[in-house]
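What follows is a set of notes on a single structure, which appears directly below.
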Amino acid sequence: MKWTGLNDLREQYLSFFESKQHTRLASYSLVPKNDPSLLLINSGMAPMKKYFLGLEEPPNHRVTTCQKCIRTPDIERVGKTSRHGTFFEMLGNFSFADYFKSEATAWAWEFLTQVLEIPADRLWISIYEEDDETFDVWTKEVGIPANRIVRLGKEDNFWEHGSGPCGPCSEIYFDRGEGVGCCKPDCHVGCDCDRFMEIWNLVFSQFDSDGKGHYERMAKPNIDTGMGLERLACIMQGVNNLFEVDTVQNIMKHICRIAGVEYGADEKSDVSLRVVTDHIRSTTFMISDGIIPSNEGRGYVLRRLLRRAARHGKLLGIEKPFLSEVAKTVINENRTAYPELVENEEYIVKVILAEEERFAKTINSGMDVLKELMEKTGADKTLSGEDAFKLYDTFGFPIDLTREILAEKGISIDEEGFTKLMEEQRVRARTSRKDVSGWSTDAVDLSHIPETNFTGYTEKVTDGTIQAIISGGEQIELLEEGESATIVLSATSFYGESGGQVGDTGVLIDGENVFTVQDTKKDNAGHFLHIGVMTKGSLSVGSVAPAQIDALRRHRIMSNHSACHLLQSALRKVLGTHVHQSGSMYDEHRCRFDFSHFSAMTAEEIAKTEAMVNEMILSDYDVLVEELPINEAKNKGAMALFGEKYGDIVRVVTMGDESVEFCGGTHVAKTGQLGVFKIISESSVAAGVRRIEAATGMGVLDLLQEAEGQLISCAKELKLENRTEVPAKVASVVRELKEKDRTIESLNAKIAGGQVDALFENSVEIGGMKLICAKLEGTTSEGLRTIGDQVKAKASNVIGVFAAAEGTKGTVLAVCGSDAVKANAHAGKLVKEITAMLGGKGGGRPDSAMGGIADLSKLDEVLKKVSELVANQLEKK
């Protein structure tokens, strides 16, 4: 066998199986589609479940892929060993009720021994201990000597996951030689050492399990194989682990150059190099598939990986953001197999840089806090769950990062306490976004009903036969007046909510019988669900009910949807090509567009974007909708939604020379039909994601009428006859208020001056310093500052602590004169200690600090302890 690069190995494998009549599919996104059981794609088989389960028809019954995968259960082991990683590529060939064991084993052997020329005497086979059929295939058909086949138990060689398809598997191992691993005389396949490396797993899915130990032979079995590309590269390149494989090594070398270190020279540095190398591979691919850093779900996985990599960068001595630079090498090493990385390079780099900079702002202060907390851990050497949660919530430290840092010092975490606080936060989040729509067909089996024929791209009214009526979670035959239900038709002009566009409303009419459609949804099987109420008469299954949409509402929705296409085009021109759609919503009132960008838009940028969209509208471009082969659509420059997986034929919407996008929604025929476009607001949705809300056509007129109404109300309140006088009058009122504020401020200063003299009369002396401690009733936080400044100005050896209550909460202020600060008095530390005892928090500079308090019941008691706190500070000088 000869040295072969990782990229060449991938191509050799896929080409080989194409020669065996397999269809090569591009890697699916790391974001699972219609599979809530997975957070991220973690195997080559995961995206194929829909074909194995018969939910969808595959493009061919023979398929081959190289699937990008991420697994994070062992994230804390990554770096500490050279065997663990979070990102990997899985080569696979699949048969959906086509070929079986004879072909799968023969082709595997052919590829390894003839294409890659791996010596047969370096390969071993394992099979399930009871699988005589596979033993015969290997020995009698492929010609493998019986003494090179090892039988292993169910735990090693039987694939099963609950009930459903399952079966025995056969694994192919590469013998790395007697000098590798445990070196014991009886070392064999199945040993835990590194001598025998499993490279290919052939799963024979031939049984249907009931989950209770009963297995029924399937009439049409399947084949699912998986071979780790990096593992195969280790063998073909004669290296010990994935970090020494050519493409991965090039990434690590870039990190070494930035850090000024050499891999292999120091074990501690090697750990950090492996962490950064692995994590930057994962994060680059995740961002390319549309995942952004957040505190939930897969976004949190991304944040964990980026921040762990950033921390290990600091351990390597790298003080500046650097991961975004290394990401460019990841993209370059994978550009041939994953062209989307190149297409999204600018965006990927900006997301990583923004997250690095965000973490850099908190990591130093977070590390200081963590060091303090570590010093305070008692004899049990355990950090409380509350402190771990604070590090996560306030300083952005993912729990595994905290756990890793503590482990280096032999300190553990109260995992139960942390988990409890995290769950409480999740419950709060779930409650705040709970779906209250109330519709669901989950309990109803609609698999026997053909998918709905949607005619709404061209028709406003369509005759459809009622296929099913669902009410109260059950299918019924007759729907009577006043009853609410969901109706499924054979054909409909109603658009089902998807792609950000809301569902249509309207009526289903059969003679004098009227069903009012209040919303339309679409399920994964292609059924359009008309949700509403029987307002007149009755309807029954089998009757024909013409579906008539609210055409005026639809037009307004289409206008808002089309406007967002123009908006994305304008944003990419104004802000840069890193702008990509991150989410959207279009209804009859507004269009809402979420997009990738890393700072608030300026007023000038907003105005320029709005003007550009209106220019496109006035140009009255034709809107062309066509279905094209996906490669032709991409060559045309069509923009796709991040992370979305498309079929071979896609729907493309083109607006003049300005916008070309993949889109399944409804649109106007010409851009001029939008009338006018107005941006209402621009705001932040999440880190690196901005949101624009806008209106078109009649929606803009509604805004104008609303604004005019508000102007008239202002004029009335200001007792003006003409609303054009409002701006001048408002300016006059503002000037008057400012003058009154200055007068009030002057009076407060005089009052405070009188108070200060009285406060000094009641001061006590501690260590040569004058301590003033008082609760000032009816004083605002701003008033406290004024008094504090005057107290500090009056005497250099003063220490003042003042508290004031406003409603159920209060404020504490501490000030220290210059001589008091020299004597070790510290206002910030005083406030921190006082507020902590009163259920609040605060801090600040040595000479002045302020904080909030929540528990006023203990205020008097705590103020009595101030002299003791001050004495402690002065004693430490």
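The values are calculated or read from the model by the stated rules, or taken from the named source; none is laboratory data. A quick note: this is a predicted structure, and the numbers were derived from the prediction, not measured. For neighbour counting, all protein chains shown are included, and Cβ atoms are generated from backbone atoms with ideal geometry for every residue, glycine included. Remember, those area values only see protein heavy atoms, side chains included, never the ligands or the DNA or RNA. Shrake-Rupley method; radii C 1.70, N 1.55, O 1.52, S 1.80 Å.
Report, by chain and number, residues whose modeled amide H sits under 5 Å from the one on Val517, excluding near sequence neighbours (fewer than 5 apart, same chain).
HN-HN under 5 Å from Val517: Gly506, Val507, Leu508.
Where the convex hull is taken over the Cα atoms of the range 457-575, what is its projected area averaged over directions, in nm²?
Quarter of the Cα hull surface area: 8.3 nm².
I'd like to compare 613-623, 816-826, 471-481: which one has the highest average count of other Cβ atoms within 10 Å, and what's the full order after that?
The densest-packed peptide leads the list: 816-826, 613-623, 471-481.
With a 1.4 Å probe and every protein chain kept in, tell me what percent of the accessible surface of the chain is carbon plus sulfur.
Accessible surface attributable to carbon and sulfur in the chain totals 49 percent.
With a probe of 1.4 Å, find how much accessible area the chain has per residue, and write the answer as a whole number in Å².
47
Find the all-direction average of the projected area of the Cα convex hull for the range 661-809, expressing the result in square nanometres with one decimal place.
Averaged projected area of the range 661-809's Cα convex hull equals 18.1 nm².
Over the chain, what relative contact order in percent results from Cα pairs under 8 Å that are six or more residues apart?
It rounds to 6 percent for the chain.
What pairs in Lys376/Lys864; Lys184/Lys268; Lys20/Lys50; Lys794/Lys864; Lys573/Lys634 have C-alpha atoms more than 28 Å from each other?
From Lys376/Lys864; Lys184/Lys268; Lys20/Lys50; Lys794/Lys864; Lys573/Lys634, over 28 Å: Lys184/Lys268.
Please go through the residue pairs Lys390/Lys822; Lys775/Lys865; Lys49/Lys521 and name each one whose alpha carbons sit more than 22 Å apart in this structure.
Those over the limit are Lys390/Lys822; Lys49/Lys521.
Just to confirm the filter: which trypsin sites (Lys or Arg not before Pro) across the range 701-805 are DSSP coil and have at most 11 other Cβ within 10 angstrom of their Cβ?
Those that pass, being in a loop and sparsely packed, are Lys719.
Excluding residues on the same chain fewer than 8 positions from Lys716, give the lysines whose Cα lies under 17 Å from its Cα.
Those lysines meeting the cut-off are Lys729.
Does anyone have the angle between helix 267-288 and the longest principal axis of the chain? Alpha-carbon axes, 0 to 90°, nearest 10?
80
Based on alpha-carbon centroids, what's the gap between the range 101-160 and the range 670-697 in Å, whole number please?
60
Angle between the Cα long axis of helix 726-761 and the longest principal axis of the chain, 0 to 90 degrees, nearest 10?
With rounding to tens, the tilt is 60 degrees.
Which aspartates and glutamates have a Cα lying under 14 Å from the Cα of Lys792, excluding residues fewer than 8 positions away in the same chain?
Straight-line reach from Lys792, under 14 Å: Asp757, Asp819, Asp847.
Arranged from highest to lowest average of other beta-carbon atoms within 10 Å per residue, in what order do the peptides 126-135, 33-42 appear?
126-135, 33-42
If you project the alpha carbons of the range 1-155 onto the principal axes, what extent comes out on each, in Å, largest first?
43, 43, 34
Nearest 10 degrees, 0 to 90: what angle lies between the long axis of helix 866-875 and the longest principal axis of the chain (Cα atoms)?
Computed tilt is about 80 degrees.
Between Lys220 and Lys361, what is the spin-label point distance in nm, taking each point 7 Å from the Cα along the Cα→C-beta axis?
5.6
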